[in-house]
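Chemist: One structure coming up, written as C-alpha coordinates, with questions to follow.
The values are calculated or read from the model by the stated rules, or taken from the named source; none is laboratory data. Keep in mind that what you see is a predicted model, and the values were worked out from it rather than measured. A quick note on method: Cβ atoms are made from the backbone with ideal geometry, for glycine too, and the neighbour counts reach across all protein chains shown.
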Amino acid sequence: MRYYDNVVDLIGDTPLVRLNQVTRGISATVLAKVEYFNPGGSVKDRIALRMVQDAEEAGLLKPGGTIVEPTSGNTGVGLALVAQLRDYRCVFVCPDKVSEDKQNVLRAYGAEVVVCPTAVAPEDPRSYYSVSDRLTREIPGAWKPDQYSNPANPRSHYEETGPEIWKQTDGRITHFVAGVGTGGTISGAGRYLKEQGSVRIIGADPEGSVYSGGSGRPYLVEGVGEDFWPQTYDRTICDEVVEVSDSDSFQMTRRLAREEGLLVGGSCGMAVVAALDVARRAGPDDVVVVLLPDGGRGYLSKIFNDGWMARYGFLSSVDGEPTVAHAL
Ligand code: PMP
(Lines give C-alpha, C1' and ligand atoms only; values in the text may rest on other atoms or scores of the structure.)
Protein backbone atom coordinates (compact mmCIF):
# COMPACT_ATOMS: atom_id res chain seq x y z
CA MET A 1 0.00 0.00 0.00
CA ARG A 2 1.21 3.51 -0.78
CA TYR A 3 0.00 6.17 1.58
CA TYR A 4 1.12 9.00 3.81
CA ASP A 5 0.80 8.59 7.57
CA ASN A 6 -0.82 11.99 7.92
CA VAL A 7 -1.25 15.29 6.07
CA VAL A 8 1.74 16.86 7.76
CA ASP A 9 3.93 14.43 5.80
CA LEU A 10 2.61 16.08 2.62
CA ILE A 11 4.30 19.39 3.45
CA GLY A 12 7.05 20.41 1.02
CA ASP A 13 8.40 18.78 -2.16
CA THR A 14 6.16 21.01 -4.24
CA PRO A 15 6.49 20.82 -8.04
CA LEU A 16 8.14 23.18 -10.52
CA VAL A 17 5.92 24.01 -13.50
CA ARG A 18 7.14 25.87 -16.58
CA LEU A 19 5.24 29.02 -17.52
CA ASN A 20 4.44 28.88 -21.23
CA GLN A 21 1.95 31.60 -22.18
CA VAL A 22 2.80 34.66 -20.12
CA THR A 23 6.44 34.16 -21.13
CA ARG A 24 5.89 34.60 -24.88
CA GLY A 25 8.83 36.41 -26.44
CA ILE A 26 11.14 35.51 -23.57
CA SER A 27 14.04 33.14 -24.27
CA ALA A 28 14.91 32.19 -20.66
CA THR A 29 13.13 29.25 -19.00
CA VAL A 30 10.73 30.46 -16.28
CA LEU A 31 9.68 27.83 -13.73
CA ALA A 32 7.04 28.34 -11.03
CA LYS A 33 7.40 26.59 -7.65
CA VAL A 34 3.74 26.00 -6.89
CA GLU A 35 3.25 26.13 -3.13
CA TYR A 36 -0.51 25.59 -3.14
CA PHE A 37 0.31 21.88 -3.38
CA ASN A 38 1.09 21.97 0.34
CA PRO A 39 -1.78 20.40 2.35
CA GLY A 40 -2.86 23.71 3.92
CA GLY A 41 -2.67 25.37 0.52
CA SER A 42 0.34 27.62 1.03
CA VAL A 43 4.08 27.99 1.58
CA LYS A 44 3.33 28.76 5.24
CA ASP A 45 2.78 25.08 6.08
CA ARG A 46 6.55 24.73 5.89
CA ILE A 47 7.32 27.33 8.54
CA ALA A 48 4.41 26.26 10.76
CA LEU A 49 5.83 22.75 11.00
CA ARG A 50 9.38 23.91 11.68
CA MET A 51 8.37 26.54 14.25
CA VAL A 52 6.30 23.97 16.18
CA GLN A 53 9.07 21.34 16.06
CA ASP A 54 11.63 23.85 17.33
CA ALA A 55 9.35 25.03 20.14
CA GLU A 56 8.79 21.43 21.22
CA GLU A 57 12.53 20.75 21.25
CA ALA A 58 13.20 23.94 23.22
CA GLY A 59 10.50 22.99 25.74
CA LEU A 60 8.43 26.09 24.90
CA LEU A 61 5.47 24.03 23.73
CA LYS A 62 4.43 21.11 25.90
CA PRO A 63 1.61 18.52 25.63
CA GLY A 64 -1.72 20.26 26.11
CA GLY A 65 -0.19 23.64 25.17
CA THR A 66 -1.84 26.46 23.24
CA ILE A 67 -0.52 28.22 20.15
CA VAL A 68 -1.43 31.93 20.11
CA GLU A 69 -0.59 33.93 16.98
CA PRO A 70 -1.86 37.16 15.40
CA THR A 71 -2.67 35.76 11.95
CA SER A 72 -5.60 35.79 9.65
CA GLY A 73 -4.48 33.55 6.91
CA ASN A 74 -1.99 31.07 5.63
CA THR A 75 0.21 30.82 8.73
CA GLY A 76 -2.88 30.09 10.83
CA VAL A 77 -3.96 27.27 8.54
CA GLY A 78 -0.47 25.75 8.65
CA LEU A 79 -0.28 26.00 12.43
CA ALA A 80 -3.80 24.60 12.85
CA LEU A 81 -3.13 21.50 10.81
CA VAL A 82 0.22 20.85 12.46
CA ALA A 83 -1.40 21.37 15.90
CA GLN A 84 -4.20 18.85 15.35
CA LEU A 85 -2.11 15.69 15.33
CA ARG A 86 -0.22 16.89 18.36
CA ASP A 87 -3.32 17.94 20.31
CA TYR A 88 -2.46 21.58 20.74
CA ARG A 89 -5.14 24.22 21.01
CA CYS A 90 -4.90 27.14 18.57
CA VAL A 91 -6.08 30.67 19.31
CA PHE A 92 -5.67 33.10 16.41
CA VAL A 93 -6.16 36.81 16.81
CA CYS A 94 -7.15 38.84 13.77
CA PRO A 95 -8.36 42.36 12.99
CA ASP A 96 -12.04 42.80 12.11
CA LYS A 97 -11.19 43.81 8.50
CA VAL A 98 -10.38 40.15 7.82
CA SER A 99 -13.20 38.57 5.85
CA GLU A 100 -15.59 36.18 7.55
CA ASP A 101 -14.61 33.53 5.02
CA LYS A 102 -10.99 33.66 6.17
CA GLN A 103 -12.01 33.48 9.83
CA ASN A 104 -14.23 30.52 9.03
CA VAL A 105 -11.41 28.63 7.33
CA LEU A 106 -9.41 28.84 10.56
CA ARG A 107 -12.45 27.73 12.61
CA ALA A 108 -13.03 24.85 10.18
CA TYR A 109 -9.56 23.56 11.07
CA GLY A 110 -10.58 23.63 14.75
CA ALA A 111 -8.93 26.91 15.76
CA GLU A 112 -10.52 29.56 17.97
CA VAL A 113 -10.58 33.01 16.40
CA VAL A 114 -10.55 36.21 18.46
CA VAL A 115 -11.56 39.27 16.44
CA CYS A 116 -10.21 42.73 17.39
CA PRO A 117 -11.02 46.23 16.11
CA THR A 118 -8.86 47.42 13.19
CA ALA A 119 -9.31 51.13 13.88
CA VAL A 120 -7.13 51.33 17.01
CA ALA A 121 -3.39 52.00 17.45
CA PRO A 122 -1.09 48.97 17.89
CA GLU A 123 -0.40 49.98 21.54
CA ASP A 124 -4.14 50.16 22.34
CA PRO A 125 -5.09 47.23 24.65
CA ARG A 126 -7.83 46.24 22.17
CA SER A 127 -5.45 45.99 19.18
CA TYR A 128 -4.74 42.57 17.85
CA TYR A 129 -1.06 42.85 18.79
CA SER A 130 -1.97 43.72 22.40
CA VAL A 131 -4.64 41.03 22.64
CA SER A 132 -2.34 38.29 21.35
CA ASP A 133 0.35 39.35 23.84
CA ARG A 134 -2.15 39.34 26.69
CA LEU A 135 -3.55 35.91 25.76
CA THR A 136 -0.02 34.50 25.57
CA ARG A 137 0.61 35.76 29.12
CA GLU A 138 -2.75 34.65 30.52
CA ILE A 139 -3.31 31.21 28.97
CA PRO A 140 -1.28 28.57 30.85
CA GLY A 141 1.10 26.74 28.50
CA ALA A 142 0.66 29.33 25.75
CA TRP A 143 3.34 29.84 23.12
CA LYS A 144 3.50 32.51 20.42
CA PRO A 145 5.45 31.47 17.31
CA ASP A 146 5.88 35.06 16.01
CA GLN A 147 6.76 34.40 12.39
CA TYR A 148 8.35 37.87 12.09
CA SER A 149 11.14 37.11 14.54
CA ASN A 150 11.29 33.31 14.68
CA PRO A 151 14.56 32.02 13.12
CA ALA A 152 12.80 28.72 12.31
CA ASN A 153 10.94 30.64 9.58
CA PRO A 154 13.96 31.40 7.31
CA ARG A 155 15.66 28.19 8.43
CA SER A 156 12.82 26.03 7.08
CA HIS A 157 13.45 27.60 3.67
CA TYR A 158 17.22 27.23 4.01
CA GLU A 159 16.87 23.53 4.83
CA GLU A 160 13.94 22.58 2.58
CA THR A 161 12.74 25.06 -0.05
CA GLY A 162 16.22 26.07 -1.26
CA PRO A 163 17.60 22.49 -1.54
CA GLU A 164 14.41 21.35 -3.31
CA ILE A 165 14.83 24.03 -5.97
CA TRP A 166 18.52 23.28 -6.43
CA LYS A 167 17.82 19.55 -6.90
CA GLN A 168 14.79 20.06 -9.12
CA THR A 169 16.78 22.26 -11.51
CA ASP A 170 19.89 20.03 -11.41
CA GLY A 171 21.75 23.08 -10.20
CA ARG A 172 20.89 25.01 -13.39
CA ILE A 173 18.90 27.75 -11.68
CA THR A 174 20.38 31.21 -12.44
CA HIS A 175 17.75 33.49 -10.84
CA PHE A 176 15.41 33.05 -7.87
CA VAL A 177 12.44 35.39 -7.49
CA ALA A 178 10.08 35.56 -4.48
CA GLY A 179 7.79 38.10 -2.87
CA VAL A 180 8.91 39.44 0.49
CA GLY A 181 6.57 39.44 3.50
CA THR A 182 8.33 38.30 6.65
CA GLY A 183 11.33 37.77 4.35
CA GLY A 184 11.63 34.15 5.47
CA THR A 185 11.35 32.63 1.99
CA ILE A 186 13.82 34.89 0.21
CA SER A 187 16.30 34.99 3.10
CA GLY A 188 16.36 31.22 3.72
CA ALA A 189 16.02 29.79 0.20
CA GLY A 190 18.07 32.69 -1.21
CA ARG A 191 20.96 32.09 1.17
CA TYR A 192 21.04 28.36 0.39
CA LEU A 193 20.99 28.96 -3.38
CA LYS A 194 23.74 31.62 -3.16
CA GLU A 195 25.93 29.18 -1.28
CA GLN A 196 25.60 26.60 -4.08
CA GLY A 197 26.60 28.79 -7.00
CA SER A 198 26.12 32.14 -8.62
CA VAL A 199 22.35 32.39 -8.34
CA ARG A 200 20.94 35.92 -8.48
CA ILE A 201 18.29 36.58 -5.82
CA ILE A 202 15.47 38.99 -6.65
CA GLY A 203 12.83 40.15 -4.20
CA ALA A 204 9.40 41.27 -5.41
CA ASP A 205 7.71 43.98 -3.39
CA PRO A 206 4.48 45.98 -3.61
CA GLU A 207 4.81 49.69 -4.42
CA GLY A 208 4.85 51.54 -1.10
CA SER A 209 6.51 48.84 1.01
CA VAL A 210 9.83 49.39 2.80
CA TYR A 211 11.77 46.66 0.97
CA SER A 212 11.74 48.63 -2.27
CA GLY A 213 12.30 51.97 -0.56
CA GLY A 214 8.71 52.93 0.20
CA SER A 215 7.38 54.45 3.39
CA GLY A 216 4.83 51.76 4.19
CA ARG A 217 2.02 53.44 2.26
CA PRO A 218 -0.96 51.13 1.78
CA TYR A 219 -1.35 48.68 -1.07
CA LEU A 220 -3.87 45.93 -1.68
CA VAL A 221 -1.82 42.84 -2.49
CA GLU A 222 -1.89 40.58 0.59
CA GLY A 223 0.88 38.73 2.42
CA VAL A 224 3.83 40.73 1.07
CA GLY A 225 5.50 44.06 1.76
CA GLU A 226 5.90 45.65 5.19
CA ASP A 227 5.96 49.00 6.93
CA PHE A 228 8.82 47.85 9.20
CA TRP A 229 11.97 45.68 8.86
CA PRO A 230 11.32 42.24 10.41
CA GLN A 231 14.12 40.22 12.01
CA THR A 232 13.39 37.36 9.62
CA TYR A 233 14.53 39.45 6.62
CA ASP A 234 18.27 39.20 5.89
CA ARG A 235 19.23 42.40 4.08
CA THR A 236 22.39 40.84 2.62
CA ILE A 237 20.61 38.28 0.41
CA CYS A 238 18.70 40.20 -2.28
CA ASP A 239 20.74 41.38 -5.25
CA GLU A 240 17.78 43.38 -6.45
CA VAL A 241 14.24 44.24 -5.33
CA VAL A 242 11.65 44.81 -8.06
CA GLU A 243 8.74 47.04 -7.18
CA VAL A 244 5.35 45.98 -8.60
CA SER A 245 2.05 47.93 -8.60
CA ASP A 246 -1.22 46.44 -7.32
CA SER A 247 -2.68 46.80 -10.78
CA ASP A 248 0.10 44.85 -12.51
CA SER A 249 0.06 42.21 -9.74
CA PHE A 250 -3.68 41.57 -10.03
CA GLN A 251 -3.78 41.58 -13.81
CA MET A 252 -0.98 39.00 -13.90
CA THR A 253 -2.78 36.95 -11.22
CA ARG A 254 -5.82 36.75 -13.52
CA ARG A 255 -3.68 35.85 -16.51
CA LEU A 256 -2.05 32.99 -14.57
CA ALA A 257 -5.51 31.47 -13.99
CA ARG A 258 -6.71 31.99 -17.57
CA GLU A 259 -3.56 31.26 -19.50
CA GLU A 260 -1.49 28.91 -17.34
CA GLY A 261 -4.28 27.12 -15.42
CA LEU A 262 -2.77 28.32 -12.16
CA LEU A 263 -5.45 29.73 -9.83
CA VAL A 264 -3.14 31.53 -7.41
CA GLY A 265 -3.12 34.50 -5.04
CA GLY A 266 -2.19 38.14 -5.67
CA SER A 267 1.34 37.88 -4.32
CA CYS A 268 1.93 35.19 -6.97
CA GLY A 269 0.94 37.57 -9.75
CA MET A 270 3.26 40.14 -8.20
CA ALA A 271 6.19 37.69 -8.09
CA VAL A 272 5.58 36.63 -11.70
CA VAL A 273 5.61 40.27 -12.90
CA ALA A 274 9.03 40.63 -11.25
CA ALA A 275 10.20 37.26 -12.66
CA LEU A 276 9.24 38.25 -16.22
CA ASP A 277 11.06 41.56 -15.80
CA VAL A 278 14.16 39.59 -14.81
CA ALA A 279 13.64 36.97 -17.54
CA ARG A 280 13.38 39.63 -20.25
CA ARG A 281 16.89 40.75 -19.30
CA ALA A 282 18.18 37.13 -19.19
CA GLY A 283 19.45 34.83 -21.95
CA PRO A 284 18.29 31.49 -23.43
CA ASP A 285 20.42 29.42 -21.05
CA ASP A 286 19.06 31.13 -17.96
CA VAL A 287 16.62 29.40 -15.62
CA VAL A 288 14.43 31.71 -13.56
CA VAL A 289 12.55 30.10 -10.66
CA VAL A 290 9.65 32.07 -9.16
CA LEU A 291 7.90 30.94 -5.98
CA LEU A 292 4.09 31.13 -5.93
CA PRO A 293 3.04 31.21 -2.23
CA ASP A 294 -0.67 30.27 -2.28
CA GLY A 295 -3.80 29.39 -4.23
CA GLY A 296 -6.43 31.78 -5.56
CA ARG A 297 -9.63 30.54 -3.91
CA GLY A 298 -9.21 32.94 -1.00
CA TYR A 299 -9.35 35.86 -3.42
CA LEU A 300 -12.44 35.06 -5.50
CA SER A 301 -14.40 38.02 -4.15
CA LYS A 302 -11.52 40.41 -4.80
CA ILE A 303 -8.97 39.80 -7.56
CA PHE A 304 -11.25 37.46 -9.51
CA ASN A 305 -14.31 39.66 -9.06
CA ASP A 306 -14.80 42.16 -11.92
CA GLY A 307 -16.80 44.57 -9.74
CA TRP A 308 -14.07 44.75 -7.10
CA MET A 309 -11.35 45.13 -9.73
CA ALA A 310 -13.29 47.88 -11.52
CA ARG A 311 -13.92 49.76 -8.26
CA TYR A 312 -10.17 50.17 -7.81
CA GLY A 313 -9.58 50.95 -11.48
CA PHE A 314 -7.66 47.74 -12.12
CA LEU A 315 -9.76 46.33 -14.91
CA SER A 316 -9.29 48.72 -17.80
CA SER A 317 -6.31 47.02 -19.39
CA VAL A 318 -6.93 43.34 -18.59
CA ASP A 319 -6.02 41.73 -21.92
CA GLY A 320 -7.78 44.65 -23.61
CA GLU A 321 -11.15 43.12 -22.77
CA PRO A 322 -14.15 45.45 -22.66
CA THR A 323 -15.25 44.19 -19.24
CA VAL A 324 -15.09 47.50 -17.42
CA ALA A 325 -18.33 48.98 -18.67
CA HIS A 326 -20.39 45.94 -17.91
CA ALA A 327 -18.81 45.43 -14.51
CA LEU A 328 -19.70 49.00 -13.58
N1 PMP B 1 2.51 35.66 -0.21
C2 PMP B 1 1.61 35.30 0.70
C3 PMP B 1 0.19 35.09 0.27
C4 PMP B 1 1.98 35.16 2.04
O5 PMP B 1 1.06 34.80 2.96
C6 PMP B 1 3.34 35.39 2.38
C7 PMP B 1 3.75 35.28 3.81
N8 PMP B 1 3.49 36.47 4.56
C9 PMP B 1 4.26 35.77 1.40
C10 PMP B 1 3.80 35.87 0.11
C11 PMP B 1 5.70 36.13 1.71
O12 PMP B 1 6.49 35.12 2.24
P13 PMP B 1 7.57 35.44 3.37
O14 PMP B 1 6.81 35.78 4.64
O15 PMP B 1 8.35 34.18 3.51
O16 PMP B 1 8.41 36.59 2.94
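Chemist: Look at segment 133-168 and say how many of its residues are in contact with a strand residue (DSSP E or B) (Cβ under 9 Å, 6 or more places away or on another chain) and either small (Gly, Ala, Ser) or not in a helix (DSSP H, G or I) (or both).
Modeler: Count: 10.
Chemist: Of all residues in segment 270-300, which are part of a loop (DSSP other than H, G, I, E, B), within 16 Å of the ligand (Cβ to nearest atom) and either in contact (Cβ under 8 Å) with a residue 40 or more places away in the chain or among the aromatic types (Phe, Trp, Tyr) (or both)? Explain how you work it out, then say what you get.
Modeler: First pass over segment 270-300, keeping only residues part of a loop (DSSP other than H, G, I, E, B): 281-286, 293, 296, 300.
From what is left, the residues that are within 16 Å of the ligand (Cβ to nearest atom) are 293, 296, 300.
Passing the criteria: Pro293, Gly296.
Chemist: A follow-up question, please. Looking only at segment 59-95, count every residue that is under 25 Å from Cys268 (Cα atoms), of a type outside the set (Val, Ile, Thr) and not in a strand (DSSP E or B) and tell me the total.
Modeler: The qualifying residues number 8.
Chemist: Mind checking which pairs have a first residue in segment 221-241 that is touching a residue at least 12 places away in the same chain (Cβ under 8 Å) and more than 19 Å from Gly208 (Cα to Cα) and a second that is hydroxyl-bearing (Ser, Thr, Tyr) and near the ligand (Cβ under 9 Å from one of its atoms), Cβ under 8 Å, 6 or more apart or different chains?
Modeler: Taking only residues 6 or more apart or on different chains, the pairs are Gln231/Tyr148; Thr232/Tyr148; Thr232/Thr182; Thr232/Ser187; Asp234/Ser187; Ile237/Ser187.
Chemist: Determine the pairs where a residue that is over 12 Å from Gln147 (Cβ atoms) and within 16 Å of the ligand (Cβ to nearest atom), located within segment 68-90, has a partner that is in a loop (DSSP other than H, G, I, E, B) and among the aliphatic types (A, V, I, L, M) with Cβ atoms under 7 Å apart, the partner being 6 or more residues away or on another chain.
Modeler: Going by the 7 Å Cβ cut-off, the qualifying pairs are Ser72/Val98; Ala80/Ala111.
Chemist: Pick out, from segment 169-258, the strands (runs of 3 or more DSSP E) lying fully within it that include 2 or more residues that are at pLDDT 95 or above and away from the ligand (no atom under 14 Å from the Cβ). Before the answer, list the steps.
Modeler: Values: elements: 175-179, 200-206, 240-244.
Filter on segment 169-258 gives 240-244.
Chemist: State which residue is farthest from the ligand (Cβ to nearest atom) when the search covers only segment 4-47 and only residues that are among the polar types (S, T, N, Q) and not in a strand (DSSP E or B).
Modeler: Here the answer is Ser27.
Chemist: Among what's in segment 138-168 and is of a type in the set (Phe, Trp, Tyr) and over 15 Å from Gly12 (Cα atoms), pick the residue that is nearest to the ligand (Cβ to nearest atom).
Modeler: The first filter runs over segment 138-168 and keeps only residues of a type in the set (Phe, Trp, Tyr), leaving 143, 148, 158, 166.
This time we only want the ones that are over 15 Å from Gly12 (Cα atoms), so: 143, 148.
On the way: Trp143: 20, Tyr148: 8 Å.
Result: Tyr148.
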